[in-house]
1. How much FRET efficiency would the formula 1/(1 + (r/R0)^6) give for Glu284 and Leu306, where r is the Cβ-Cβ distance and R0 is 41 Å, rounded to 0.05?
2. Setting aside same-chain residues fewer than 8 positions from Lys329, which lysines have a Cα under 22 Å from its Cα?
3. For Asp62 and Asn19, what does the FRET efficiency come to when R0 = 22 Å and r is the distance between their Cβ atoms, rounded to the nearest 0.05?
4. Could you tell me the convex hull volume per residue, in Å³, taken over the Cα atoms of segment 1-139?
5. Distance between the C-alpha centers of segment 168-197 and segment 326-389? Whole Å please.
6. Count the net charge of all other residues whose Cβ sits under 15 Å from the Cβ of Ser217, scoring Lys and Arg as +1 and Asp and Glu as -1.
7. Would you mind checking the radius of gyration and Dmax of segment 304-362 based on alpha-carbon positions, in Å?
8. Rounded, prolate or oblate: which one fits segment 52-125, using the alpha carbon gyration tensor with axes a ≥ b ≥ c (rounded when a/c is under 1.5, else prolate when a/b beats b/c, else oblate)?
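All of the numbers you see were taken from the coordinates with simple rules; none came from a lab. Keep in mind it's a predicted model, so treat the numbers as computed, not measured. In this analysis, Cβ positions are derived from the backbone assuming ideal geometry, glycine residues included, and neighbour counts consider all displayed protein chains.
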Amino acid sequence: MIPEVLRLDATAQAALIRNRELSASELVEASIAQIERFNPQINAIITPLYEGARRQALNPVDGAFMGVPLVLKDFMCQTAGDPYYAGMRYLRDLAWRSKADTYLARRFREAGFIFIGKSNLPELALSPTTEPLAFGATRNPYQLDHSAGGSSGGSAAAVATRMVAVAHANDGYGSIRIPASCCGLVGLKPSRGRISTGPAYSGGLLGNIVEFVVVRSVRDAANILQAIHGNMPGDLFVAPPLLTDPATGKTKLRVGLLTHDPFLPQDVHPDCVAAVEKTGKLLESVGHHVEYSYPPAFEGPTGLGLALRIISSSRLAASLDELAELTGKPITADDVEPATWQAAEEGRTFSAVQIHAAQRRLLNGICRTPEWWTNYDLLITPTMTQPPPPLGSDPAEHGLIFGLFCMAISVAGLPAISLPLHWTADDLPIGVQLVANLGREDLLLHIGAQLEQLASWADRVPALIS
């Protein structure tokens, strides 16, 4: 049985602590017990931070989420003095520790969160499935032989198994939304520049890398966004002001549905199609106008795949060089996974002209996606083209399995949310992606809350822990 307090979302947990109906120490101990019980099967947490969590719980910070345990994805969001491995045996073998808090870690602390552990991820967050050689695969709580998604798979699996109500995640090409879809969670990817990635981190060449969390309720996503958003010194990208009410001036929204893959000549699984169509019918039932439509920038020779390959692989090569300089230890082919080394070596072959040309191709192509929002308020797509795949699936097929729906939206910098609105006959979650125009997280959260009422997923619990 799951302890009742762990069934609650983070907003409810914080309210109990604030009202002195529960202590932070009691909640932390319940979370630790749940981790110790289920982590051996799931492999979501790779670095426990129990000692520090117990100390923090004795005197929790009086923030919006006072005393609520939080799992940190072991990538980007670093905390002073704690182990930091980024999914690499290279850093693990060096027993590397972070020198200081990042801006987001500081914001989490100020909000009252207590860091209870670090979650598993693919090496350097490079894969949409969490199966690193350094730490082993994270298993999907709904079916242990299936993927929990990636790259925030450990975080998603931790929340799905009620180890915590909220876990940090980040998203460059779908790494919040994909694991949320795989694990039956709410995964909001904020607008480009909404959450600080600093200090001294650009969030990708196009600002496509964003930080946030995975949760189980829409209200948690809304309340956490309110608590941690905002720019910090040195941030290269600035989002429009955060709206807290969907002030569209409309009672009926115009919604576009996309059920086929406009990027690749492949079929979308019937369950993923059904999930989108069911969502469209739910929105029609409450008065919104729904039709099949999507941005024209999704079609034709977008150059999305090749351009991202050039940009991502060259960035990876530079990142390995920077990491070697930071640690003082050269990185060789023996220090990283074969696919990582191969991608970085390919990245070294591209010229500056090719990298800039790839960026221009994206700006002239997929980055024109927001033009469609002149006439529409929301776009609804599958989060993935297929249900969560079995562990050990061919890496060459990952792009086909997980699809490009998330990737295109990341490059365009738009906010999007994956909601757990469908399940397969054998109980695997299917996420639906809702996308809004730049800065319109308020609209996603408003419609997400409507859908949460119409098709509640709160009682969905993996059989493993029920």
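1. On the way: r = 38 Å, r/R0 = 0.94.
Efficiency for this residue pair is about 0.60.
2. Of all the lysines, those that pass the test against Lys329 - Cα under 22 Å, at least 8 places apart if same chain - are Lys99.
3. Efficiency for this residue pair is about 0.95.
4. Once divided by residue count, the hull of segment 1-139 is 110 Å³.
5. After rounding, the separation between the Cα centres reads 16 Å.
6. Numbers: positive: Arg7, Arg162, Arg216, Arg219, Arg460; negative: Asp9, Asp220, Glu452, Asp459.
Overall, the nearby charge balance is +1.
7. That works out to 12.2, 36 Å for Rg and Dmax.
8. Working: a/c = 2.24, a/b = 2.08, b/c = 1.08.
Prolate.
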